[in-house]
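Here's the structure we're looking at; comments come further down.
The values are calculated or read from the model by the stated rules, or taken from the named source; none is laboratory data. Since we're looking at a predicted model, the values are computed, not measured. Neighbour counts run over all protein chains shown; Cβ positions are idealised from the backbone, glycine included. Just the protein is used for accessible areas: all its heavy atoms, side chains included, with ligands, DNA and RNA removed. Shrake-Rupley method; radii C 1.70, N 1.55, O 1.52, S 1.80 Å.
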Amino acid sequence: MSIEQSLPVRKARRLGIKDAGRPQFVILLCMVWLALVLLVAAGADHLAPFSYTEQSLLNRLKPPAFLSGDPKYLLGTDGLGRDVLSRLIYATRMSVVIAILGSMIGATFGTLLGFLAAHFRGLVEDVVMVFVDFQASMPFFIIALAVLAFFGNNFELFLVVVGLYGWEVYARLTRGLVLQANGQGYAFAIRTLGVHPARIYMRHILPNILSVLIVQLTLNFPELILIETSLSFLGLGIQPPQTSLGLMLGEGRNYLATAWWTGVPAGIVIFLTTLSISLVGDWLRDKLDPTLKSAEM
Amino acid sequence: MRPQFILAKLTRGCLTLLLAVTFVFIVLRVSGDPVAMMLPDDTPPAIVAEYRAAWGLDRSLPEQYVRYIWSAVQGDLGYSFRDDRPALEVVLERVPMTLLLGLSGFAITVVVGLVTGITAALKRGTGIDHAAMAFSIFGHSMPNFFLAILMILLFSMTWRVLPSSGGATWWHLILPAVTLGIINAGTVARFTRSSMLEVLHQPYMRTARAKGLKLTRRVVAHAIPNAAIPVVTVLGLRLGSLIAGAVVVETVFAWPGIGLMLVNAVGQRDLPVVQTIVLLVALTMVLTNFIVDLTYGWLDPRIETRGAKEDR
């Protein structure tokens, strides 16, 4: 999969980003949206007008307030009479929490393997790279589906499975960067002083390669949201009574003809969030541009 | 094309397939006793033991592993729990529908992606360029299932021009294929554009212009072949996303293909069908990667040597 990372592609990609001449205003809007999403996720308990499980069977499928519905339910109610706005707020929290925790899992796991491969070389490196190649050539979505099928679904397993998305990219990047750093003067100097390798890696090399890993994080994050919401949408991720943006849209699918508002808002939130992260990520990547070159191996 | 290059790629492909089979085997064994899962709880131990012997579960793990690989190679992947027919047979029945959807979606991706990307590169900095890039970002950020739902809302419910579920007629193909195609077209357009932009500024393009060649000829004969490699890479890499997308799109549009079957099988824990589909996907990916690699060698002979070096 080395060709995927080859210089022309990345360089071209950067060119493409710069040439689009994106106004800064849009980036600002995206940041505001992301801040809003985080705020909603953090303060869900205080912001939601109703509990996300509270049913009111007399008020089933009420249209949103702006479609001459009951002003009590700003975004209307779903098939069980639950307030769509409240569910949207809690679903946002669930999806954000999974995306953040999941990113940590994948980034930590992949980076660790990358360090191990670069430190031990030889057999360890070969084994890690074989798995990296395997992961890179199999669609992650299918593997995730298979694991969920074999082991059944529970929240912790789902979190780990979704989180592992993209670990192979971290592993490959880290291995390349560490190999390169190991050959540089500062690493050599510290090693000569007799410092323990773990300390060299954590205190000296990691801070030096962090910007590349952060860039990868911004690339990975929206895709992780898409994986989680896709699986939940198919009913194979987050299970009721819990809710996530994907599950909400999946449940809303049954009411498309009669009550589109039960699902579509969740889709809009997913779209705007992944869009914002991508744009802000591009912008961030441009900022961190010079270090990207060192990522090539 | 050098035989070492092909051999190295073939070895890598076989290794990936072996890993896929191993992965399924490990997951199968770790996730629980398949006999206990299939038989009712009050089955007499004698019958359970009989089943275990029949499935070879009483043998040692390495022996089971070898036997598992051997039967997988022969295409014996167990019986579907639901259909009571060989899982492979059940899955293969669905292949034509998925191929039809996948290839239609892929064709839309290629045509829309290339045309958008090339136009954007040629009209760089204009409104067309900005619109093309906005489309690209849209495709990249839009969840396929949400696009599918919006398509249904618009074309099936509001305008009532296209059917939203099933696979009975050609009309049923349009919405799922377009959904699948558009999602990936954005990324392809972006890569095509940037790849074209790099090429358009090369000295040989200036030479071609100085020779008095027409724009169409310069683009078709000089720019596109040179810009093609990153685009082929992207197209190859999009296959995984195409397969994942097909699973979701087939489910939303109730398209009777492998994706829908996989989602149902996961829901019903029909494990033989799940493992068959996983292995089939692995085989498809390996074959496609192989073809993409060969295409590189054909597009740019320089890559062969580079690739061979990396493979050691």
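Heavy-atom accessible area, probed at 1.4 angstrom with all protein chains present, ranks B:C14, A:C30 as B:C14, A:C30, highest first. Would you compute, from DSSP H runs of 4+ residues alone, the mean residue ellipticity of chain B at 222 nm, taking -39500 (n - 2.57) per run and dividing by the full residue count, rounded to the nearest 500? Estimated from H runs of four or more residues: -25000 deg cm²/dmol. Per residue, the convex hull spanned by the Cα atoms of the stretch A:117-256 measures out at 134 cubic angstrom.
Extent of the stretch B:1-128 along its three principal axes (Cα atoms, max minus min coordinate, largest first): 76, 39, 25 Å. Computed over all pairs of different Cα atoms, the Kirkwood value for the hydrodynamic radius of the stretch B:165-246 is 14.9 Å. On a 0 to 90° scale, report how tilted helix B:171-200 is relative to the longest principal axis of chain B, with both axes built from alpha carbons and the result rounded to the nearest 10. Roughly 50 degrees between the two axes. Summing both sides, the accessible surface hidden between A and B at a 1.4 Å probe radius is close to 5200 Å². Nonpolar atom fraction for chain A, defined as the carbon and sulfur part of the 1.4 Å probe accessible area, stands at 69 percent.
Compute the relative contact order of chain A as a whole-number percentage, counting only Cα pairs closer than 8 Å that sit 6 or more residues apart in sequence. Contact order relative to length: 22 percent.
Site pair A:T192 and A:D286 shows an inter-label distance of 4.2 nm when each label is modelled 7 Å from Cα along Cα→Cβ. A simple rule links phi to the HN-Hα coupling: the Karplus curve 6.51 cos²θ - 1.76 cosθ + 1.60 with θ = phi - 60°, which for the stretch A:137-151 gives 9, 10, x, 4, 4, 5, 4, 4, 4, 4, 4, 5, 5, 6, 9 Hz, with x for Gly and Pro. On the principal axes of its alpha-carbon atoms, the stretch A:187-297 has extents of 71, 30, 20 Å, going from largest to smallest. Surface composition of chain B: carbon and sulfur make up 66 percent of the accessible area, probe 1.4 Å. If you take the square roots of the eigenvalues of the alpha-carbon gyration tensor of the stretch A:27-148 and sort them as a ≥ b ≥ c, do you get rounded (a/c under 1.5), prolate (a/b over b/c) or oblate? Because a/c hits 1.5 or more and a/b exceeds b/c, the stretch A:27-148 counts as prolate. Counting every pair of alpha carbons in the stretch B:92-217, the share spaced more than 23 Å apart comes to 45 percent. Peptide A:149-159 is shielded by partner chain Cβ atoms: per residue, an average of 4 of them sit within 10 Å of its Cβ. A:I105 sits with roughly 50 Å² accessible to a 1.4 Å probe, with DNA, RNA and ligands left out of the calculation. Taking amide H as placed 1.01 Å from N in the peptide plane, A:T77 has its amide H under 5 Å from the amide H of A:L61, A:K62, A:V84, each at least 5 places away in sequence or on another chain. Against chain A, whose longest principal axis comes from its Cα atoms, helix A:167-182 is set at around 30 degrees. Note on chain A: with a GNM built from Cα contacts shorter than 10 Å, the maximum mean-square fluctuation among A:L226, A:L164, A:L123 falls on A:L123.
For B:Y79, the amide hydrogen comes within under 5 Å of the amide hydrogens of B:A87, counting only partners 5 or more places away or on other chains and with H modelled in the peptide plane. Averaging the sequence gap over all C-alpha pairs within less than 8 Å and six or more residues apart, then dividing by the number of residues, gives chain B a relative contact order of 27 percent.
Between 0 and 90 degrees, the angle of helix B:258-268 with respect to the longest Cα principal axis of chain B falls at about 40 degrees. The HN-Hα couplings worked out from phi for the stretch A:116-125 by the Karplus form 6.51 cos²θ - 1.76 cosθ + 1.60 (θ = phi - 60°) are 4, 4, 6, 7, 7, 6, x, 4, 4, 4 Hz, whole numbers, x standing for Gly and Pro.
For the residues A:F131, A:F115, A:F150, a GNM of chain A with alpha-carbon springs under 10 Å puts the largest fluctuation on A:F150.
Across A:K62, B:K211, B:K123, the residue with the most accessible area heads the list, and the full order at a 1.4 Å probe is B:K211, B:K123, A:K62.
Summarising the overall dimensions of chain A from its C-alpha atoms, the Rg and Dmax are 22.2, 75 angstrom.
Solvent-accessible surface of chain A, taken per residue with a 1.4 Å probe and all protein chains present: 43 Å². The GNM of chain B, with springs linking C-alpha atoms under 10 angstrom apart, assigns the highest mean-square fluctuation among B:V48, B:V110, B:V27 to B:V48. Helical runs assigned H by DSSP (4 residues or longer) give chain A a calculated mean residue ellipticity at 222 nm of -22000 deg cm²/dmol, each run adding -39500 (n - 2.57) before division by the residue total. Given Cα pairs under 8 Å that are at least 6 residues apart, what percent is the relative contact order of the stretch B:36-134? Relative contact order, the stretch B:36-134: 9 percent.
The order of the peptides A:42-52, A:176-186 by mean Cβ neighbours within 10 Å, most packed first, is A:176-186, A:42-52. Computed over the protein assembly as shown, the alpha-carbon pair-distance distribution with 20 angstrom bins reads 18, 51, 28, 3, 0, each value a whole percent. Average accessible surface for chain B: 49 Å² per residue, computed with a 1.4 Å probe over protein heavy atoms with every protein chain in place. The mean number of Cβ atoms from other chains found within 10 Å of a Cβ in peptide A:58-71 is 0, as a whole number.
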